[in-house]
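**Student:** Pasting in a structure now, in structure tokens, and then I'll have a few things to ask.
Bear in mind that the values in this text are calculations on the coordinates, not laboratory data. All values derive from a computational prediction rather than experimental measurement. Positions of Cβ are backbone-derived with ideal geometry, glycine not excepted, and every protein chain shown enters the neighbour counts.
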Amino acid sequence: MQKKALITGVTGQDGSYLAEHLLDLGYEVHGLVRRVALEDPQRRFNRIEHLLDRVTLHAATLESYPSIFRVISAHKFDECYHLAAQSFVAESFSDGFSTMNTNINGTHYMLAALRDLQPTCRFYFAGSSEMFGKVPEVPQKESTPFHPRSPYGISKVAGFDLTRNYREAYGMFCASGILFNHESPRRGFEFVTRKITSAAARIKHGKQNELRLGNLDACRDWGHAKDYVRAMHLMLQHDKPEDFVVATGESHTVREFCELAFGEVGLDYRNHVVKDDRLYRPAEVELLVGDATKARTVLSWRPQSTFKDLIREMIQKDLALTAGSPINQL
Ligand code: NAP
Ligand code: GDD
């Protein structure tokens, strides 16, 4: 029997890779998208343009329970991957209220609608290493206590708790992935990795002179989004609903990322990167490095891309983009 999956946030980095992965596995894939996206497909669907004839899209928004209820009442799904969120940490400091509304209520609406309409549908929640925040131990694993440092992190802890509560209270198959940073050529330009690779490519082509960055000493455990969506799928195939850390186990500073990315195009980042205090966050997560032993042993999950492979791929695609390739070829 062909399985049917619903992906919220299908237009995002992870949603697009997950849709590809599930289609490859033979799934019927449905995506929840905002009405504005349906009205502006050329710009808003650039990550899924190549999939549009193979996925079914439904208009809904995380701010509206009725819109979610309508989609879930019209189709029977076997699996639901809830990826949609306001995902930019810095923005959550500027507007914590809308981040909370979207991320917490949106998750609650999804869970409540599934409970009412399709309690046997398996549910994946996109938890984040940002939940660990001010880390009490290194590396971080499933048992590490949360100490979020941003409205975004707080909203993800709430989503994680809601997901666990629906599992415990109603016996639903609800699992959270605690995913560490993952990147790709499809990463949004506001995130530091893409900001760096696109700037390095533009500087190489003479289209930009400098790159302004905030904290260069923050450490992140960066993996490839393609590898991480495989873990999401594996979590929902497991025989029981559990939470899993997904990480590479390697941590690098933003400075190291700059050094390698600029090095890929034959430049020295020190000649181009300008430190800008305005880009520092009111509270920073200084060090993230994950221990994915549980995902490796229980799910047999392994990342395939290395840190260097990831940077090389992002730089190559940004060089092509800067030289004029259409964005949808990423
Ligand atoms: P992303 O590229 O920013 O994508 C976010 C998606 O959410 C987009 O499809 C966006 O739709 C949708 N969305 C935002 N607000 C919405 C709303 N009000 N109603 C409906 N849809 C809405 O994020 P990502 O990197 O793919 O991450 C996917 C999920 O994993 C997010 O929940 C993120 O917080 C979480 N996560 C990411 C990472 C990471 O390193 N990438 C790590 C841990 C957890 P539009 O296209 O219409 O804006
Ligand atoms: N975005 C950005 N822009 N970050 C900068 C800059 C800059 O100019 N300069 C330094 N940084 C530092 C940030 O302070 C942070 O320590 C680090 O670079 C990474 O920032 P982001 O790429 O914005 O990612 P993030 O770690 O805050 O959040 C991402 O990963 C989380 C998982 O830990 C997002 O994808 C979240 O949605 C995800 O949950």
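**Student:** State which residue is nearest to ligand 2 (Cβ to nearest atom) when the search covers only segment 112-131 and only residues that are farther than 21 Å from residue 230 by Cβ and hydrophobic (A, V, I, L, M, F, W, C).
**Tutor:** 131
**Student:** Follow-up question, since we're still on this one. If you go through segment 234-244, how many residues are surrounded by fewer than 19 Cβ atoms within 10 Å (Cβ to Cβ) and of a type in the set (A, V, I, L, M)?
**Tutor:** 1
**Student:** Among the residues of segment 121-180, what is the count of those that are of a type in the set (Ser, Thr, Tyr) and in a helix (DSSP H, G or I)?
**Tutor:** Total meeting the criteria: 6.
**Student:** Is one or more of the residues making up segment 262-271 within 16 Å of ligand 1 (Cβ to nearest atom) and either surrounded by 16 or more Cβ atoms within 10 Å (Cβ to Cβ) or not aliphatic (A, V, I, L, M) (or both)?
**Tutor:** No: segment 262-271 contains no residue that is within 16 Å of ligand 1 (Cβ to nearest atom) and either surrounded by 16 or more Cβ atoms within 10 Å (Cβ to Cβ) or not aliphatic (A, V, I, L, M) (or both).
**Student:** Six or more apart or on different chains, Cβ atoms under 6 Å: show the pairs whose first residue is in segment 105-133 and farther than 12 Å from residue 84 by Cα and whose second is of a type in the set (A, V, I, L, M) and not in a helix (DSSP H, G or I).
**Tutor:** 119/172; 129/288; 133/285
Yes/no matrix, rows are residues, columns are (1) surrounded by fewer than 19 Cβ atoms within 10 Å (Cβ to Cβ); (2) not basic (Lys, Arg):
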residue: 179; (1), (2): no, yes
residue: 185; (1), (2): no, yes
residue: 188; (1), (2): yes, yes
residue: 200; (1), (2): no, yes
residue: 205; (1), (2): yes, yes
residue: 213; (1), (2): no, yes
residue: 226; (1), (2): no, no
residue: 232; (1), (2): no, yes
residue: 246; (1), (2): no, yes
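**Student:** Which of (1) crowded, with 21+ Cβ neighbours inside 10 Å; (2) touching a strand residue (DSSP E or B) at 6+ places or on another chain (Cβ under 7 Å); (3) assigned to a helix (DSSP H, G or I) does residue 23 not meet, given it meets every other one?
**Tutor:** It fails just one condition, (1).
**Student:** Just checking, how many residues over segment 1-20 are outside any loop (DSSP other than H, G, I, E, B), closer than 17 Å to residue 72 by Cβ and away from ligand 2 (no atom under 16 Å from the Cβ)?
**Tutor:** Going through segment 1-20 one residue at a time, the tally reaches 4.
**Student:** Follow-up question, since we're still on this one. Hey, any hits in segment 94-108 for a residue that's within 30 Å of residue 314 (Cβ to Cβ), over 18 Å from the mean Cα position of the chain (by Cα) and near ligand 1 (Cβ under 10 Å from one of its atoms)?
**Tutor:** yes
**Student:** Filter segment 73-88 down to the residues that are out of contact with any strand residue (DSSP E or B) (no Cβ under 9 Å at 6 or more places or on another chain) and more than 25 Å from residue 1 (Cα to Cα), then identify the one that is farthest from ligand 2 (Cβ to nearest atom).
**Tutor:** 86
**Student:** Looking at 88, 97, 132, which one is buried (at least 21 other Cβ atoms within 10 Å of the Cβ) and among the aromatic types (Phe, Trp, Tyr)?
**Tutor:** From the options 88, 97, 132, the qualifying one is 132.
**Student:** Working only within segment 26-37, note down all residues that are under 23 Å from residue 69 (Cα atoms) and either outside any helix (DSSP H, G or I) or near ligand 1 (Cβ under 8 Å from one of its atoms) (or both).
**Tutor:** 27, 28, 29, 30, 31, 32, 33, 34, 36, 37
**Student:** Within segment 1-25, which residues are in contact with a Leu (Cβ under 9 Å, 6 or more places away or on another chain) and more than 10 Å from ligand 1 (Cβ to nearest atom)?
**Tutor:** 3, 5, 6, 19, 20, 23
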